[in-house]
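Only one structure is covered here, and it is reproduced in the block below.
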Number of protein chains: 2
Amino acid sequence: MQRFDHNQNHSRPAPLKSTRQRQVILEELRKVTSHPTADKVYQMVRKQLPRISMATVYRNLEMMAETGQIQRIPVPDGPMSFDGDISDHHHIRCRECGRIFDVPKDMRVDVAVPEELGLRTGFDSVECFMQFTGVCPDCKK
Amino acid sequence: MQRFDHNQNHSRPAPLKSTRQRQVILEELRKVTSHPTADKVYQMVRKQLPRISMATVYRNLEMMAETGQIQRIPVPDGPMSFDGDISDHHHIRCRECGRIFDVPKDMRVDVAVPEELGLRTGFDSVECFMQFTGVCPDCKK
DNA sequence: ATAAGTGCAAACGTTTTGCCCTAGC
DNA sequence: GCTAGGGCAAAACGTTTGCACTTAT
C-alpha cells in the first residue's frame, strides 16, 4: 500500500519501555555522520546485538522518526536514509557513490516560497522537500 | 541493488524500432495531467493493448525518460511517477490524496543556490531536486 | 500480571530479470 | 533473416505484518 505522508512532525506518544535494542540503535545513529539506510543500521547494531531483527530496526526507526528523535531522509529512487542529527540542515548526495553529506541551512533558499505557493495553488500548509545532488570531491578523482 | 543516479539528462541513443506499445504509452502519458505511476500507465494502455505486460511498460518508461521524451517524478517514500510534459516546471503533491499537480517554474527559487553550494561543499555539477507538498483544495473539504 | 516490544518468517508492493517468442527493419 | 523489443513468470528489493514468545514496568 502507498503511504503518502512522510512528514516526521506528527509527534506521537513517546515509547513506554526502554529496551537495549532502542538504546543501541539510537546510539549508533548518533555516533556516525554517514546517514545510513535501515539495512546499514542493522549491520551496525548487529555487532552489539547479534540476534536483533530487521523488523525491530524498522519499527524503531519509524518510531524514533515520529517522536522526533531522528530524521528520515527520503532518497529519490533509493532506500530511505536516517540521520541521528535532528538539527535543521540540508543534505547533498553524491550521484556517483551515493553518499549523503550535511549542508548547513543558512542560505537564502526556500524561505518565502511555501507561502507564495499556497496562495497561487490553493494548497494549505505547503512544505518543500529539497535535496541536492552533485559529484563529491572524492568522486571527481 | 541501489541506483544512485536518477538524472534523466544522460541522453542515450534513440530506440531502433517503433512499436505500437511505445506509441500508446507515450500517447496516453501526453494526454493526461495526472502524473501516473507505472501501474497507472499499465492500466491506461491495457484498454488499447490488453496483452501488454508490466515489464514492457517499465522498460519503455525508463527508456523514454533517458531519451528525454518524458519526465520521471520521484516521490519520496512512494512509487515513481511519470509526466508526459517535459517542460521545466515543479510539482506539488497533496499529503492527503497523493495527487500531483504542476507548479509553473517562475519563482525566485533554487536559482543561485547550486553554484554557491558547489563552492562551499566542493561538489561538482550540483543540482537540486525539489518537491512541494501540501493539502490540496479538494482535501481541505 | 500485563501489555509493549521482540524475533522469525511470510507477505507485501514495486521494479528488474532471464528466457524464449514476435515482429520491425 | 537479423536482432530489438515483447510477454511471461520468477526473482529481487526494500519494507511491513501476523503471531507466538520475551521482558520492562
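Filter the range A:27-56 for residues that are within 10 Å of DNA strand D (Cβ to nearest atom) and more than 14 Å from the chain's Cα centre (by Cα); which is nearest to A:CYS97 (Cα to Cα)? Walk me through how you get there before you give the answer.
From the range A:27-56, those within 10 Å of DNA strand D (Cβ to nearest atom) are A:37-42, A:51, A:53-56; that's our starting set.
Still in the list and also more than 14 Å from the chain's Cα centre (by Cα): A:42, A:51, A:53-56.
On the way: A:TYR42: 20, A:ARG51: 30, A:SER53: 27, A:MET54: 24, A:ALA55: 27, A:THR56: 28 Å.
Within the range A:27-56, the match that is nearest to A:CYS97 (Cα to Cα) is A:TYR42.
Output the qualifying pairs, or none if there are none: Cβ atoms under 8 angstrom, residues six or more apart or on different chains, first residue in the range A:73-85 and under 15 Å from A:MET130 (Cβ atoms), second residue of a type in the set (D, E, K, R) and near DNA strand D (Cβ under 8 Å from one of its atoms).
That search, which allows pairs on different chains as well, returns A:PRO74/B:ASP77.
Identify the single condition in (1) in contact with a helix residue (DSSP H, G or I) (Cβ under 8 Å, 6 or more places away or on another chain); (2) more than 11 Å from DNA strand D (Cβ to nearest atom); (3) closer than 27 Å to A:VAL103 by Cβ that A:VAL24 does not satisfy, given that it satisfies every other one.
Tallying (1) in contact with a helix residue (DSSP H, G or I) (Cβ under 8 Å, 6 or more places away or on another chain); (2) more than 11 Å from DNA strand D (Cβ to nearest atom); (3) closer than 27 Å to A:VAL103 by Cβ, A:VAL24 fails exactly one: (3).
Just one of B:ILE70, B:ILE92 is β-branched (Val, Ile, Thr), within 13 Å of chain A (Cβ to nearest Cβ) and either within 13 Å of DNA strand D (Cβ to nearest atom) or crowded, with 16+ Cβ neighbours inside 10 Å (or both); which is it? Working first, answer last.
Values: B:ILE70 fails: within 13 Å of chain A (Cβ to nearest Cβ).
It is B:ILE92.
Are any of the residues in the range B:38-52 touching a helix residue (DSSP H, G or I) at 6+ places or on another chain (Cβ under 7 Å), within 10 Å of DNA strand C (Cβ to nearest atom), within 14 Å of chain A (Cβ to nearest Cβ) and within 27 Å of B:ARG93 (Cβ to Cβ)? It would help to see each step written out before you state the result.
We begin by selecting, within the range B:38-52, every residue touching a helix residue (DSSP H, G or I) at 6+ places or on another chain (Cβ under 7 Å); these are B:38, B:41-42, B:44-45, B:48-49, B:52.
The next check asks that each one be within 10 Å of DNA strand C (Cβ to nearest atom); those that pass are B:38, B:41-42.
Subsequent filtering for residues that are within 14 Å of chain A (Cβ to nearest Cβ) retains B:38.
Imposing the further condition that a residue be within 27 Å of B:ARG93 (Cβ to Cβ) reduces the set to B:38.
Scanning the range B:38-52 turns up at least one residue that is touching a helix residue (DSSP H, G or I) at 6+ places or on another chain (Cβ under 7 Å), within 10 Å of DNA strand C (Cβ to nearest atom), within 14 Å of chain A (Cβ to nearest Cβ) and within 27 Å of B:ARG93 (Cβ to Cβ).
Being away from chain A (no Cβ under 11 Å) and modelled with pLDDT under 85 is the filter; apply it to the range B:10-21 and report the residue that is farthest from B:CYS97 (Cα to Cα).
Pass one, the range B:10-21, residues away from chain A (no Cβ under 11 Å): B:11-21.
Going one step further and asking which of them are modelled with pLDDT under 85, we end up with B:11-16.
On the way: B:SER11: 33, B:ARG12: 35, B:PRO13: 37, B:ALA14: 36, B:PRO15: 36, B:LEU16: 39 Å.
Looking at residues that are away from chain A (no Cβ under 11 Å) and modelled with pLDDT under 85, I get B:LEU16.
May I ask you to verify whether A:ARG72 is among the basic types (Lys, Arg) and under 30 Å from B:LEU117 (Cα atoms)? Steps first, answer last, please.
Values: among the basic types (Lys, Arg): yes; under 30 Å from B:LEU117 (Cα atoms): yes.
Yes: the conditions hold for A:ARG72.
Where the second residue is near DNA strand D (Cβ under 9 Å from one of its atoms) and the first is hydroxyl-bearing (Ser, Thr, Tyr) and lies in the range B:36-60, which pairs have Cβ atoms under 6 Å and are six or more apart or on separate chains?
B:TYR42/B:MET54; B:TYR42/B:VAL57; B:THR56/B:GLN21
Tell me yes or no: at least one residue of the range B:117-132 is without any contact (Cβ under 8 Å) to a residue 24 or more places away in the chain, in contact with a helix residue (DSSP H, G or I) (Cβ under 8 Å, 6 or more places away or on another chain), among the aromatic types (Phe, Trp, Tyr) and more than 9 Å from chain A (Cβ to nearest Cβ).
no
Name every residue in the range B:23-44 that is more than 20 Å from B:ALA55 (Cβ to Cβ) and buried (at least 19 other Cβ atoms within 10 Å of the Cβ), in order of residue number. Step through it out loud before you land on a result.
Filtering the range B:23-44 for residues more than 20 Å from B:ALA55 (Cβ to Cβ) gives B:30-35.
Scanning the range B:23-44 gives a single hit, B:HIS35.
Working only within the range A:107-141, note down all residues that are among the charged types (D, E, K, R) and at pLDDT 90 or above.
A:ASP124, A:ASP138 - these are the residues of the range A:107-141 that are among the charged types (D, E, K, R) and at pLDDT 90 or above.
The values are calculated or read from the model by the stated rules, or taken from the named source; none is laboratory data. Keep in mind the model is a prediction, meaning the values are calculated, not measured. All Cβ positions, glycine included, derive from the backbone under ideal geometry; neighbour counts span all protein chains shown.
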